[in-house]
Amino acid sequence: MHGEPRPTTAHQPYPVAAGMEAEDVKDELRRAIRHQREGRSHRLRDEAAVAFADVLATVPAVQDAAVVVAYAARPTEPGTGELLERLAGRGARVLLPVLGAGLARDWAEYAGPDDLRERAPGRPPEPGGPNLGADVIVEADVVICPALAVDTSGARLGQGGGWYDRVLKQVRPGVPSIAMVFPEELYDAADRPLPYESHDVPVQAVATPAGWHALPVE
């Protein structure tokens, strides 16, 4: 495994107190992690985006995938621009989310950075090509998904809408999901577990700019 990142408590938000409900813990963690991400400079974000692409290029499931589900990152998220270009450059079919009303899910093919548009404030950039329908997700060979944090049990903290939890339930059995997080957003489940509820779907691997490793998801 490339680098095999290790959880670190350095600069790691963990605003958890005894007796807190899981959703309250999630909300506090989201606020703290978003605030921390906003403080990362453009230079560090750009450097991390290249490192993420280097790391994911070493993951066998990504190397072998003909169809990759990925995402176009918002400014403070782990950058995917370099990754998307490399995937497309080697001939992979790259599917990106198109957000409909409410929790509606759709997909369109990545056709280069100039094709991406932010259709509404705060929404991630989306491709301009035709929508392919929610069912195209069954063609995915690997899913590279966003996260605010991941712990070593596979628990993933998302943005709060449940969009990706629903997506990950639709992929074919055995198709791995890989979450991208910054180093301080990888938590040790034995010491600082992330809150996990019945509707949450774990990920099978995590990637940081320092490396990646598989997670012991049951």
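Measuring nothing but alpha carbons in the chain and taking Rh as the Kirkwood radius, the Rg to Rh ratio lands at 0.93. Placing dummy labels 7 Å off each Cα toward the beta-carbon, the span from ARG192 to GLN159 is 2.4 nm.
Identify which of PRO202, PRO193, PRO78 has the largest mean-square fluctuation in a Gaussian network model of the chain, with springs joining Cα atoms closer than 10 Å. Looking only at PRO202, PRO193, PRO78, the biggest GNM fluctuation is shown by PRO193.
Using the Cβ-Cβ distance between ALA32 and LEU99 with R0 set to 22 Å, the FRET efficiency works out to roughly 0.30.
The modelled label-to-label distance between ARG6 and ARG117, using points 7 Å beyond Cα along the C-beta direction, is 4.8 nm. Computed from backbone phi, the HN-Hα couplings of region 141-157 come to 9, 7, 10, 9, 10, x, 7, 8, 6, 9, 10, 6, 8, x, 4, 10, 9 Hz, rounded to whole numbers (Karplus: 6.51 cos²θ - 1.76 cosθ + 1.60, θ = phi - 60°; Gly and Pro given as x). In a DSSP loop and with at most 10 other Cβ atoms within 10 Å, the trypsin sites (Lys or Arg not before Pro) in region 144-218 are LYS169. In whole angstrom, how far apart do the alpha carbon centroids of region 126-162 and region 12-38 sit? Using only Cα atoms to place each centre, the spacing works out to 22 Å. Simple spin-label estimate for ARG166 and VAL50 gives 3.9 nm between the two label positions (7 Å along the Cα-to-Cβ direction from each Cα). For region 22-42, the residues whose backbone nitrogen is under 12 Å from a point 7 Å from the Cα of VAL16, taken along Cα to Cβ, are 22-23, 25-26, 29. Toward the positive end of the charge dipole of the chain, with +1 on the Cβ of Lys and Arg and -1 on the Cβ of Asp and Glu, the farthest Cα among ALA51, THR152, GLY112 is that of GLY112.
Every read-out reported here was derived from the displayed coordinates using simple, explicitly stated rules and does not represent laboratory data. In this text the structure is predicted, and so the values were computed from the model without any measurement. Cβ sites come from the backbone with ideal geometry, for glycine too, and all protein chains shown count toward neighbours.
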